[in-house]
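Here the structure comes first, spelled out in structure tokens, and everything after it is commentary.
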Amino acid sequence: MQLTTLERHFINNFQGNFPLQEHPFKTIAKQLNSNEDLLIETVKQLKAKKLLSRFGPLYDAARLGGGLTLAAIVVPEERYQSVTELVNAYPEVAHNYRREHELNMWFVLATETPVEISQTLSSIEKTTGLTVYNFPKLQEFYIGLWLHLSADGNHTTVPVPLQEKTNTTVKNEPLDDIDRKLINITQTGFVIERSPYQKIANELGITQQTVIQRLNNMLSNGIIRRIGAVPNHYRLGLTANGMTVWEVDENKITQLGNLIGQLDFVSHCYQRPRHLPMWRYNLFAMVHGANKNEVNEKVKQIEAVLGKNCKAHETLFSSAILKKTGLRLAA
């Protein structure tokens with residue numbers, strides 16, 4: 001996908017760091033040697049061409065007091081389409097991928113409360129008649145996917161810039177009704193216009209400064225991971241998505257998980273439970289690349305880091321995006 005210099009620089013620099021001020025696009029345009037109107041039209045076109053999945057804040061469901069988990073199903077091929085429709089019909093299903101494995105459907109659930117996770121999984125089992133394997137996060141070693149686009153098309157993923165790391169020591173303040181309304185109307189993204197925060201303020205009947213301050217508070221508390229553009233990695237050329245899974249000793253998993261999470265090309269790294277005898281793996285690391293060979297080369301690097309601590313591993317490539325809506329709170 002050939003991008004203009006302005007498109008490329010905007011995506012590279014503003015997958016986070018989107019200014020919390022009255023005219024954010026005007027500020028960014030100056031930094032990118034452009035003008036406000038051209039930049040706004042450029043971002044609108046990136047959305048229209050689906051080169052951006054969304055644009056706005058990325059919320060952390062766990063910080064909001066909700067439930068979040070990864071789940072998987074073994075779906076018979078003859079039922080795959082019908083089961084996909086049944087699973088995707090649940091509003092709690094945020095992402096759903098087909099992966100090349102016996103466990104061939106993997107989806108993320110996000111719910112208002114933790115208890116609703118088990119209720120929703122149980123409902124999906126009853127609706128589909130299939131066993132659902134639950135893989136909740138036991139430890140998080142790293143999360144942060146920042147795409148760097150190069151002029152020659154050799155795009156890569158890089159670690160989230162340090163200024164985008166949230167302050168995990170800040171005490172969370174309870175969300176009030178205004179916060180929840182603010183989250184509800186921004187979780188699908190911002191309107192792309194000169195004064196996006198004023199647009200939100202008008203909808204809520206509050207001042208623009210109140211909107212900016214509340215978003216800033218949630219960013220500082222980690223409720224918002226970051227604010228900016230969310231690139232569509234598939235459309236932009238990183239078409240190989242490998243969920244690498246590893247069996248390592250439980251008593252070493254924290255040390256090993258932190259090592260793998262520090263690798264530049266790993267976008268997510270977690271400890272998740274085993275499901276013996278079906279599933280022996282307890283360390284998950286997401287790797288993206290332009291093709292499977294690129295991902296496999298990165299997998300070799302993970303294998304070298306783990307060394308003798310790795311008892312077994314597999315790479316589950318995604319072969320289709322079945323659903324991708326992002327996390328949602330109820331209105």
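The values are calculated or read from the model by the stated rules, or taken from the named source; none is laboratory data. Only a predicted model underlies this, so the values are computations on that prediction, with no experimental measurement involved. All Cβ positions, glycine included, derive from the backbone under ideal geometry; neighbour counts span all protein chains shown.
Below is a table of values for the structure above.
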read-out	value
Any hit, the stretch 271-280, residues being under 30 Å from L46 (Cα atoms) and buried (at least 16 other Cβ atoms within 10 Å of the Cβ)	no
Scan of the stretch 1-28 for residues that are in contact with an Asp or Glu (Cβ under 9 Å, 6 or more places away or on another chain), crowded, with 17+ Cβ neighbours inside 10 Å and modelled with pLDDT of 95 or more, ordered by number	F25, K26, I28
Among residues of the stretch 31-62, those that are at pLDDT 95 or above, touching a strand residue (DSSP E or B) at 6+ places or on another chain (Cβ under 9 Å) and polar (S, T, N, Q), counted	0
Scan of the stretch 302-323 for residues that are touching a helix residue (DSSP H, G or I) at 6+ places or on another chain (Cβ under 7 Å) and either in a helix (DSSP H, G or I) or under 25 Å from Y80 (Cβ atoms) (or both), ordered by number	I302, V305, L306, N309, T315, F317, L322, K323
Selection status of L52, among the aliphatic types (A, V, I, L, M) and touching a residue at least 60 places away in the same chain (Cβ under 8 Å)	yes
Candidates T42, T69, filtered to the one that is under 30 Å from T127 (Cβ atoms), of a type in the set (S, T, N, Q) and in contact (Cβ under 8 Å) with a residue 24 or more places away in the chain	T69
Residues of the stretch 268-288 classified as in contact with a Phe, Trp or Tyr (Cβ under 8 Å, 6 or more places away or on another chain) and within 24 Å of Y234 (Cα to Cα), total	7
Count - residues of the stretch 173-195 that are in contact (Cβ under 8 Å) with a residue 40 or more places away in the chain, within 23 Å of the chain's Cα centre (by Cα) and under 22 Å from S220 (Cβ atoms)	8
Criterion: surrounded by fewer than 20 Cβ atoms within 10 Å (Cβ to Cβ) and either touching a strand residue (DSSP E or B) at 6+ places or on another chain (Cβ under 8 Å) or farther than 22 Å from R280 by Cα (or both) - qualifying residue of A110, A94	A94
Residue list for the stretch 73-83, filter: of a type in the set (A, V, I, L, M) and assigned to a helix (DSSP H, G or I)	V83
Among the candidates K298, K252, K292, residue that is surrounded by 17 or more Cβ atoms within 10 Å (Cβ to Cβ), basic (K, R) and over 18 Å from the mean Cα position of the chain (by Cα)	K298
Residue check, T166 of a type in the set (S, T, Y), surrounded by 13 or more Cβ atoms within 10 Å (Cβ to Cβ), modelled with pLDDT of 75 or more and outside any strand (DSSP E or B)	no
Leading residue by the ranking (farthest from R274 (Cα to Cα)) among those in the stretch 63-83 that are surrounded by 15 or more Cβ atoms within 10 Å (Cβ to Cβ) and at pLDDT below 95	L64
Flag if L86 is part of a helix (DSSP H, G or I) and surrounded by fewer than 19 Cβ atoms within 10 Å (Cβ to Cβ)	yes
Unmet requirement for N96, which otherwise passes all of (1) within 19 Å of the chain's Cα centre (by Cα); (2) of a type outside the set (G, A, S); (3) at pLDDT below 95	(3)
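Conditions tested, residue by residue: (1) loosely packed, with under 13 Cβ neighbours inside 10 Å; (2) assigned to a loop (DSSP other than H, G, I, E, B); (3) modelled with pLDDT of 65 or more; (4) of a type in the set (A, V, I, L, M, F, W, C).
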{"position": "E125", "(1), (2), (3), (4)": "no, no, yes, no"}
{"position": "L130", "(1), (2), (3), (4)": "no, yes, yes, yes"}
{"position": "Y133", "(1), (2), (3), (4)": "no, no, yes, no"}
{"position": "K137", "(1), (2), (3), (4)": "no, yes, yes, no"}
{"position": "Y142", "(1), (2), (3), (4)": "no, no, yes, no"}
{"position": "L147", "(1), (2), (3), (4)": "no, no, yes, yes"}
{"position": "S150", "(1), (2), (3), (4)": "yes, yes, yes, no"}
{"position": "T157", "(1), (2), (3), (4)": "no, no, no, no"}
